[in-house]
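These notes concern the structure reproduced below.
The values are calculated or read from the model by the stated rules, or taken from the named source; none is laboratory data. A quick note: this is a predicted structure, and the numbers were derived from the prediction, not measured. Cβ placement follows ideal geometry from the backbone for every residue including glycine, while neighbour counts extend to all protein chains displayed.
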């Protein structure tokens, strides 16, 4: 009994052995702070702000909800999580011996020259019982390393799903805002086209009356056609934007959508908590995903190292056996067998060494991927913060430009009616006003799109209640 306890304790100690290197998170290869610093530290991170709170437009919220239900890329990401979960369960089961119920019958003929009687013998045997297929004792942690590797890959797919949802939420919002901006630009272009048409008709009447020159008439006609071409181009862009939005949503746009708002009524949160770059490590799912893949590669080194050591496997059977089917369950028919086997690697032509080298290179690759994920995240946040400052300046400048262009147009029209200036001055002022108004819309759109980019770059846009479970 004492020896059995010693053997059990020894096997338990050996089974706790692991050859996987101790994991250490690589240092973040970025600056300590964002430049510019944005809104600084806050008790609330952007990742804690749900997209329903960030986006204020009811129509946009409905479109995002629909996309989370129907977008095929997000559905594939969810299915990959389910697949990885099942693979993880399979690998975990390898740590526990499996038991099968088995039964077999054997009828065989033995030639006379192979037995002592010199006559051929025909025999039967029947066997029923419980069988333990080959079970590997995990002395050197190979099975546990495989389990850890698959677990980290499963956790990585979960983070990939989160990242896919954040990207989808941001993409739907940006496409919707683009569509709203194009609607506003189209309205401006159509209004300008009506004004250009009236100017052309006025010039044609004055030209036919001999008051204005053919130069004014040709200029007004060219102005009208230029605006008409702009209307057609914007209509094309709007149709393409709507088609892209339908693809992101994953279904035709619902007919009962709330009324569309304007760029001025979007209500996006402008003062996002930025925090420090190190906080991205815990709230950016793509960075977390990269770290899980790094841990998986680290565990794979343990698998490769274990291949250099002996492997002990056990098989066993317990049940009943008889030469006659009728005596299978009679007294004294019990049978069992227990078969341990050991294999020691002696010569593999360098295969195990090369496998270990591949595993170590794979880990270095994942280290580089992890560091790159951090650098990309840092750049996305920094770029959005930089753009935020300059875009606000552009919006202020465009607002003043529109006001000045409107005043120029009004004065040019007054001077033309007073006979002081030619109509060409009016047309030039009208062209400048149209360009200024279009640029103002584009600046407002750029501000909203950049806020959406910053929100996504900080890890916002994910909420567990919106996860997909197919």
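Look at residue 335 and say whether it is over 44 Å from the mean Cα position of the chain (by Cα), part of a strand (DSSP E or B), on the phi < 0 side of the Ramachandran plot and surrounded by 17 or more Cβ atoms within 10 Å (Cβ to Cβ).
Details: over 44 Å from the mean Cα position of the chain (by Cα): yes; part of a strand (DSSP E or B): yes; on the phi < 0 side of the Ramachandran plot: yes; surrounded by 17 or more Cβ atoms within 10 Å (Cβ to Cβ): no.
Spelling it out, it is not the case that residue 335 is over 44 Å from the mean Cα position of the chain (by Cα), part of a strand (DSSP E or B), on the phi < 0 side of the Ramachandran plot and surrounded by 17 or more Cβ atoms within 10 Å (Cβ to Cβ).
Checked against the criterion of being within 28 Å of the chain's Cα centre (by Cα) and over 24 Å from residue 277 (Cβ atoms), the candidates 427, 445 yield just one match: 445.
Within the set of pairs 6 or more residues apart or between chains, which connect a residue that is within 19 Å of residue 287 (Cβ to Cβ) inside region 143-164 to a residue that is outside any helix (DSSP H, G or I) with Cβ atoms less than 6 Å apart? Sorted first by the residue in region 143-164, then by its partner, the pairs are 162/462.
Could you check, for region 165-181, whether at least one of its residues is more than 30 Å from residue 446 (Cα to Cα) and in contact with a helix residue (DSSP H, G or I) (Cβ under 8 Å, 6 or more places away or on another chain)?
First pass over region 165-181, keeping only residues more than 30 Å from residue 446 (Cα to Cα): none.
No, because not a single residue in region 165-181 is more than 30 Å from residue 446 (Cα to Cα) and in contact with a helix residue (DSSP H, G or I) (Cβ under 8 Å, 6 or more places away or on another chain).
Against the condition more than 30 Å from residue 460 (Cβ to Cβ), touching a helix residue (DSSP H, G or I) at 6+ places or on another chain (Cβ under 6 Å) and either without any contact (Cβ under 8 Å) to a residue 12 or more places away in the chain or not assigned by TED's automatic domain parsing to the domain that holds residue 451 (or both), how does residue 120 come out, does it pass? Quick ask: steps written out before the conclusion?
Numbers: more than 30 Å from residue 460 (Cβ to Cβ): yes; touching a helix residue (DSSP H, G or I) at 6+ places or on another chain (Cβ under 6 Å): yes; either without any contact (Cβ under 8 Å) to a residue 12 or more places away in the chain or not assigned by TED's automatic domain parsing to the domain that holds residue 451 (or both): yes.
Yes: the conditions hold for residue 120.
Against the conditions (1) at pLDDT 70 or above; (2) within 30 Å of residue 173 (Cα to Cα), residue 41 satisfies every one except (1). Per the listing 297, 307, 270, the residue uniquely within 41 Å of the chain's Cα centre (by Cα), surrounded by fewer than 19 Cβ atoms within 10 Å (Cβ to Cβ) and modelled with pLDDT of 85 or more is 307. The listed residues are 380, 360, and the only one of them that is touching a helix residue (DSSP H, G or I) at 6+ places or on another chain (Cβ under 8 Å), more than 22 Å from residue 277 (Cα to Cα), in contact (Cβ under 8 Å) with a residue 40 or more places away in the chain and surrounded by fewer than 18 Cβ atoms within 10 Å (Cβ to Cβ) turns out to be 360.
Given the structure, is residue 228 surrounded by 20 or more Cβ atoms within 10 Å (Cβ to Cβ) and either within 29 Å of residue 446 (Cα to Cα) or in contact with a strand residue (DSSP E or B) (Cβ under 6 Å, 6 or more places away or on another chain) (or both)? Judged against the criteria, residue 228 is not a match. Only a single criterion out of (1) over 19 Å from residue 459 (Cα atoms); (2) modelled with pLDDT of 90 or more is not satisfied by residue 103, namely (2).
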